[in-house]
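Read through the structure below, which is laid out as C-alpha coordinates, and then see the notes.
The values are calculated or read from the model by the stated rules, or taken from the named source; none is laboratory data. From a predicted model like this one, the values you see are computed outputs, not experimental measurements. Here the Cβ is made from the backbone with ideal geometry for all residues, glycine too, and neighbour counts use every protein chain on show.
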There are 2 protein chains.
Amino acid sequence: MVEQLPISTPLDLVFHALADPTRRAMLHALSNGERTVGELAEPFAMSLAGASKHVKALESAGLIRREVKGRQHLCRLDAARLADAAQWLSFYERFWTERLNVLDALLREEDAQSDTQGDQR
Amino acid sequence: MVEQLPISTPLDLVFHALADPTRRAMLHALSNGERTVGELAEPFAMSLAGASKHVKALESAGLIRREVKGRQHLCRLDAARLADAAQWLSFYERFWTERLNVLDALLREEDAQSDTQGDQR
DNA sequence: AAGTTGCTCAACCATGAGGTTGAATATCTG
DNA sequence: CAGATATTCAACCTCATGGTTGAGCAACTT
(Lines give C-alpha, C1' and ligand atoms only; values in the text may rest on other atoms or scores of the structure.)
Protein backbone atom coordinates (compact mmCIF):
# COMPACT_ATOMS: atom_id res chain seq x y z
CA MET A 1 0.00 0.00 0.00
CA VAL A 2 1.38 3.37 -0.98
CA GLU A 3 0.42 6.22 1.28
CA GLN A 4 -0.36 9.46 -0.50
CA LEU A 5 0.78 12.46 1.50
CA PRO A 6 -0.61 15.99 0.98
CA ILE A 7 1.85 18.56 -0.38
CA SER A 8 1.87 20.79 2.66
CA THR A 9 -0.38 20.64 5.71
CA PRO A 10 -0.87 23.39 8.31
CA LEU A 11 1.04 21.24 10.77
CA ASP A 12 4.00 21.11 8.38
CA LEU A 13 4.06 24.90 8.29
CA VAL A 14 3.72 25.24 12.04
CA PHE A 15 6.49 22.79 12.90
CA HIS A 16 8.70 24.25 10.21
CA ALA A 17 8.12 27.74 11.58
CA LEU A 18 9.02 26.52 15.06
CA ALA A 19 12.20 24.84 13.83
CA ASP A 20 13.99 28.18 13.65
CA PRO A 21 15.37 29.76 16.85
CA THR A 22 14.88 33.29 15.52
CA ARG A 23 11.21 32.61 14.94
CA ARG A 24 10.79 30.95 18.33
CA ALA A 25 12.40 33.99 19.95
CA MET A 26 9.99 36.23 18.05
CA LEU A 27 7.04 34.24 19.34
CA HIS A 28 8.43 34.59 22.83
CA ALA A 29 8.67 38.35 22.39
CA LEU A 30 5.06 38.38 21.24
CA SER A 31 4.03 36.52 24.39
CA ASN A 32 4.68 39.82 26.21
CA GLY A 33 2.32 41.75 23.97
CA GLU A 34 2.03 43.21 20.51
CA ARG A 35 5.19 44.15 18.65
CA THR A 36 5.93 45.89 15.39
CA VAL A 37 8.09 44.17 12.78
CA GLY A 38 10.91 46.54 13.67
CA GLU A 39 10.66 45.69 17.36
CA LEU A 40 10.63 42.00 16.54
CA ALA A 41 13.69 42.41 14.34
CA GLU A 42 15.73 44.55 16.73
CA PRO A 43 17.30 41.81 18.92
CA PHE A 44 18.83 39.98 15.98
CA ALA A 45 22.06 40.48 14.06
CA MET A 46 20.21 40.45 10.78
CA SER A 47 18.88 42.87 8.22
CA LEU A 48 15.34 44.12 8.66
CA ALA A 49 14.38 42.46 5.39
CA GLY A 50 15.72 39.17 6.72
CA ALA A 51 13.74 39.45 9.92
CA SER A 52 10.70 40.48 7.92
CA LYS A 53 10.90 37.16 6.11
CA HIS A 54 10.78 35.34 9.43
CA VAL A 55 7.73 37.33 10.42
CA LYS A 56 6.15 36.35 7.14
CA ALA A 57 6.91 32.69 7.80
CA LEU A 58 5.23 32.95 11.19
CA GLU A 59 2.26 34.63 9.57
CA SER A 60 1.92 32.00 6.82
CA ALA A 61 1.99 29.32 9.48
CA GLY A 62 -0.90 31.11 11.17
CA LEU A 63 1.10 31.66 14.34
CA ILE A 64 0.79 35.42 14.31
CA ARG A 65 -1.58 38.04 12.94
CA ARG A 66 -0.66 41.39 11.53
CA GLU A 67 -2.51 44.64 11.71
CA VAL A 68 -1.21 47.37 9.45
CA LYS A 69 -1.35 50.59 11.44
CA GLY A 70 -0.06 53.50 9.48
CA ARG A 71 3.39 52.61 8.28
CA GLN A 72 4.05 50.06 10.96
CA HIS A 73 2.79 46.50 11.10
CA LEU A 74 1.59 45.46 14.50
CA CYS A 75 1.94 41.72 15.16
CA ARG A 76 0.29 39.65 17.81
CA LEU A 77 0.37 36.02 18.77
CA ASP A 78 -2.33 33.68 17.52
CA ALA A 79 -1.96 30.52 19.55
CA ALA A 80 -4.58 28.35 17.86
CA ARG A 81 -2.04 26.64 15.62
CA LEU A 82 0.29 26.18 18.55
CA ALA A 83 -2.58 24.37 20.21
CA ASP A 84 -2.84 22.13 17.14
CA ALA A 85 0.83 21.29 17.45
CA ALA A 86 0.45 20.61 21.16
CA GLN A 87 -2.49 18.36 20.46
CA TRP A 88 -0.49 16.42 17.91
CA LEU A 89 2.24 15.94 20.49
CA SER A 90 -0.20 14.99 23.21
CA PHE A 91 -0.84 11.75 21.37
CA TYR A 92 2.65 10.68 22.41
CA GLU A 93 2.28 11.86 25.96
CA ARG A 94 1.85 8.35 27.26
CA PHE A 95 5.32 7.49 25.98
CA TRP A 96 7.04 9.98 28.18
CA THR A 97 4.79 9.75 31.21
CA GLU A 98 6.65 7.88 33.91
CA ARG A 99 3.57 6.09 35.17
CA LEU A 100 2.97 4.47 31.82
CA ASN A 101 6.59 3.44 31.52
CA VAL A 102 6.17 1.45 34.69
CA LEU A 103 3.04 -0.13 33.26
CA ASP A 104 5.00 -0.78 30.09
CA ALA A 105 7.63 -2.60 32.12
CA LEU A 106 4.93 -4.76 33.66
CA LEU A 107 3.52 -5.57 30.26
CA ARG A 108 6.98 -6.52 29.07
CA GLU A 109 7.24 -8.98 31.91
CA GLU A 110 3.97 -10.55 30.84
CA ASP A 111 5.26 -10.69 27.25
CA ALA A 112 8.38 -12.46 28.48
CA GLN A 113 6.18 -15.17 30.00
CA SER A 114 3.85 -15.74 27.02
CA ASP A 115 6.48 -15.30 24.34
CA THR A 116 5.38 -17.46 21.42
CA GLN A 117 2.92 -15.21 19.52
CA GLY A 118 3.89 -12.28 17.26
CA ASP A 119 3.71 -8.67 18.31
CA GLN A 120 0.99 -6.05 17.83
CA ARG A 121 1.61 -5.41 14.09
CA MET B 1 21.51 44.48 21.83
CA VAL B 2 22.29 41.77 19.38
CA GLU B 3 21.13 38.34 20.35
CA GLN B 4 23.55 35.56 19.54
CA LEU B 5 21.77 32.38 18.55
CA PRO B 6 23.39 28.93 18.70
CA ILE B 7 23.94 27.20 15.36
CA SER B 8 21.55 24.33 15.96
CA THR B 9 19.76 23.38 19.15
CA PRO B 10 18.10 20.03 19.91
CA LEU B 11 14.73 21.78 19.67
CA ASP B 12 15.58 22.96 16.17
CA LEU B 13 16.25 19.38 15.15
CA VAL B 14 13.11 18.06 16.80
CA PHE B 15 10.77 20.62 15.26
CA HIS B 16 12.46 20.25 11.92
CA ALA B 17 12.03 16.49 12.09
CA LEU B 18 8.36 16.95 12.93
CA ALA B 19 7.81 19.34 10.04
CA ASP B 20 7.75 16.49 7.54
CA PRO B 21 4.58 14.41 7.15
CA THR B 22 6.55 11.29 6.21
CA ARG B 23 8.50 11.48 9.43
CA ARG B 24 5.40 12.18 11.51
CA ALA B 25 3.78 9.12 9.94
CA MET B 26 6.85 7.07 10.81
CA LEU B 27 6.63 8.17 14.41
CA HIS B 28 3.00 7.19 14.42
CA ALA B 29 3.90 3.75 13.11
CA LEU B 30 6.46 3.44 15.88
CA SER B 31 3.80 4.26 18.44
CA ASN B 32 2.45 0.77 17.74
CA GLY B 33 5.76 -0.90 18.53
CA GLU B 34 9.20 -1.46 17.09
CA ARG B 35 9.67 -1.39 13.35
CA THR B 36 12.54 -2.12 11.01
CA VAL B 37 13.66 0.50 8.52
CA GLY B 38 12.07 -1.55 5.76
CA GLU B 39 8.76 -1.70 7.58
CA LEU B 40 8.87 2.03 8.22
CA ALA B 41 9.59 2.68 4.56
CA GLU B 42 6.96 0.36 3.13
CA PRO B 43 3.89 2.68 3.24
CA PHE B 44 5.55 5.41 1.20
CA ALA B 45 5.97 5.94 -2.52
CA MET B 46 9.67 6.48 -2.12
CA SER B 47 12.91 4.60 -2.52
CA LEU B 48 14.23 2.74 0.51
CA ALA B 49 17.29 4.99 0.52
CA GLY B 50 14.99 8.00 0.66
CA ALA B 51 13.04 6.61 3.57
CA SER B 52 16.29 5.65 5.27
CA LYS B 53 17.25 9.33 5.23
CA HIS B 54 14.05 10.20 7.04
CA VAL B 55 14.80 7.57 9.65
CA LYS B 56 18.24 9.07 10.06
CA ALA B 57 16.71 12.53 10.54
CA LEU B 58 14.44 11.17 13.26
CA GLU B 59 17.43 9.49 14.88
CA SER B 60 19.58 12.64 14.76
CA ALA B 61 16.76 14.54 16.38
CA GLY B 62 16.77 11.94 19.14
CA LEU B 63 13.19 10.95 18.44
CA ILE B 64 13.97 7.32 17.78
CA ARG B 65 16.62 4.81 18.73
CA ARG B 66 18.01 2.11 16.55
CA GLU B 67 19.17 -1.34 17.47
CA VAL B 68 21.08 -3.18 14.78
CA LYS B 69 19.90 -6.77 14.87
CA GLY B 70 21.62 -8.83 12.24
CA ARG B 71 21.02 -7.20 8.91
CA GLN B 72 17.98 -5.30 10.00
CA HIS B 73 17.79 -2.14 12.04
CA LEU B 74 15.09 -2.18 14.67
CA CYS B 75 13.74 1.27 15.53
CA ARG B 76 11.77 2.32 18.51
CA LEU B 77 10.27 5.56 19.70
CA ASP B 78 12.17 7.68 22.22
CA ALA B 79 9.69 10.25 23.42
CA ALA B 80 11.96 12.32 25.65
CA ARG B 81 12.59 14.92 22.96
CA LEU B 82 8.91 15.00 22.11
CA ALA B 83 8.38 15.87 25.76
CA ASP B 84 10.86 18.74 25.37
CA ALA B 85 8.88 20.04 22.42
CA ALA B 86 5.63 19.70 24.33
CA GLN B 87 7.15 21.55 27.24
CA TRP B 88 8.25 24.36 24.98
CA LEU B 89 4.73 24.61 23.64
CA SER B 90 3.20 24.46 27.10
CA PHE B 91 4.60 27.92 27.79
CA TYR B 92 2.02 29.23 25.33
CA GLU B 93 -0.81 27.15 26.72
CA ARG B 94 -2.33 30.14 28.49
CA PHE B 95 -2.80 31.83 25.12
CA TRP B 96 -5.13 29.20 23.83
CA THR B 97 -6.88 28.30 27.05
CA GLU B 98 -10.42 29.60 26.90
CA ARG B 99 -10.47 30.65 30.53
CA LEU B 100 -7.57 32.97 30.03
CA ASN B 101 -9.16 34.42 26.92
CA VAL B 102 -12.12 35.42 29.04
CA LEU B 103 -9.76 36.95 31.56
CA ASP B 104 -8.02 38.66 28.66
CA ALA B 105 -11.30 40.18 27.58
CA LEU B 106 -11.85 41.46 31.10
CA LEU B 107 -8.40 43.02 31.15
CA ARG B 108 -9.10 44.67 27.82
CA GLU B 109 -12.15 46.28 29.35
CA GLU B 110 -10.01 47.63 32.17
CA ASP B 111 -7.52 48.91 29.61
CA ALA B 112 -10.30 50.69 27.79
CA GLN B 113 -11.11 52.54 31.01
CA SER B 114 -7.56 53.54 32.06
CA ASP B 115 -6.18 54.11 28.58
CA THR B 116 -3.45 56.72 28.95
CA GLN B 117 -0.32 54.70 29.95
CA GLY B 118 1.82 52.56 27.61
CA ASP B 119 1.62 48.81 27.30
CA GLN B 120 3.60 46.07 29.05
CA ARG B 121 6.83 46.54 27.04
C1' DA C 1 7.49 69.98 -0.63
C1' DA C 2 11.20 67.47 1.14
C1' DG C 3 13.13 64.26 4.14
C1' DT C 4 12.86 60.42 7.27
C1' DT C 5 10.95 56.20 8.87
C1' DG C 6 8.93 51.41 8.60
C1' DC C 7 8.36 48.03 5.90
C1' DT C 8 8.07 45.02 1.67
C1' DC C 9 9.68 43.41 -2.77
C1' DA C 10 12.83 41.60 -6.17
C1' DA C 11 17.05 39.78 -7.39
C1' DC C 12 20.67 37.35 -6.05
C1' DC C 13 23.72 33.92 -3.54
C1' DA C 14 25.15 29.92 -0.72
C1' DT C 15 23.68 26.14 1.57
C1' DG C 16 20.85 22.40 2.77
C1' DA C 17 16.84 19.35 2.19
C1' DG C 18 14.46 15.78 -0.09
C1' DG C 19 14.51 12.88 -3.59
C1' DT C 20 16.78 9.70 -7.07
C1' DT C 21 20.05 5.85 -8.75
C1' DG C 22 23.83 2.67 -8.43
C1' DA C 23 27.24 0.55 -5.83
C1' DA C 24 29.01 -1.24 -1.35
C1' DT C 25 28.44 -3.83 2.84
C1' DA C 26 26.96 -7.19 5.98
C1' DT C 27 23.98 -10.80 7.12
C1' DC C 28 21.08 -14.61 6.45
C1' DT C 29 19.68 -18.86 3.43
C1' DG C 30 20.45 -22.85 0.68
C1' DC D 1 30.40 -20.70 -1.73
C1' DA D 2 26.50 -18.41 -4.18
C1' DG D 3 22.57 -15.83 -3.90
C1' DA D 4 19.14 -13.08 -1.77
C1' DT D 5 17.94 -9.58 1.67
C1' DA D 6 18.36 -5.31 4.56
C1' DT D 7 20.44 -1.34 4.82
C1' DT D 8 23.71 2.44 4.13
C1' DC D 9 26.71 5.33 1.30
C1' DA D 10 28.04 8.42 -2.36
C1' DA D 11 27.02 11.13 -6.10
C1' DC D 12 23.87 13.70 -8.21
C1' DC D 13 19.68 16.76 -9.20
C1' DT D 14 16.21 20.18 -8.11
C1' DC D 15 14.07 23.23 -5.26
C1' DA D 16 13.47 25.61 -0.84
C1' DT D 17 15.54 28.23 2.85
C1' DG D 18 17.86 31.92 5.04
C1' DG D 19 20.45 35.45 4.31
C1' DT D 20 22.12 39.71 1.73
C1' DT D 21 21.58 44.36 -0.85
C1' DG D 22 19.18 47.95 -3.29
C1' DA D 23 15.14 49.87 -4.72
C1' DG D 24 10.31 51.09 -4.02
C1' DC D 25 6.43 52.83 -1.46
C1' DA D 26 3.44 54.62 2.08
C1' DA D 27 3.06 57.32 5.84
C1' DC D 28 4.54 60.42 9.19
C1' DT D 29 7.45 64.96 10.35
C1' DT D 30 9.13 69.45 9.64
Taking the residues in the range A:41-75 that are facing chain B (nearest Cβ under 10 Å) and not hydrophobic (A, V, I, L, M, F, W, C) as candidates, determine which candidate is farthest from B:Leu30 (Cα to Cα). A:Glu42
For the subset of the range B:37-62 comprising residues that are within 25 Å of B:Ala83 (Cβ to Cβ) and in contact with a strand residue (DSSP E or B) (Cβ under 7 Å, 6 or more places away or on another chain), which member is nearest to DNA strand D (Cβ to nearest atom)? B:Val37
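Residues that are more than 10 Å from DNA strand C (Cβ to nearest atom): list the helices (runs of 4 or more DSSP H) wholly contained in the range A:1-94 that include at least 3 such residues.
Details: elements: A:10-18, A:21-30, A:37-41, A:48-60, A:80-90.
The qualifying helices (runs of 4 or more DSSP H) are A:10-18, A:21-30, A:48-60, A:80-90.
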Unmet requirement for B:Ala57, which otherwise passes all of (1) over 27 Å from B:Ala19 (Cα atoms); (2) at pLDDT 95 or above: (1)
Please state which one of A:Gly38, A:Gly70, A:Gly33 is within 21 Å of the chain's Cα centre (by Cα) and surrounded by fewer than 14 Cβ atoms within 10 Å (Cβ to Cβ). A:Gly33
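Here are some residues: B:Ala86, B:Ala80, B:Ala19. Which one is facing chain A (nearest Cβ under 8 Å) and surrounded by fewer than 16 Cβ atoms within 10 Å (Cβ to Cβ)?
That would be B:Ala80, the only listed residue that is facing chain A (nearest Cβ under 8 Å) and surrounded by fewer than 16 Cβ atoms within 10 Å (Cβ to Cβ).
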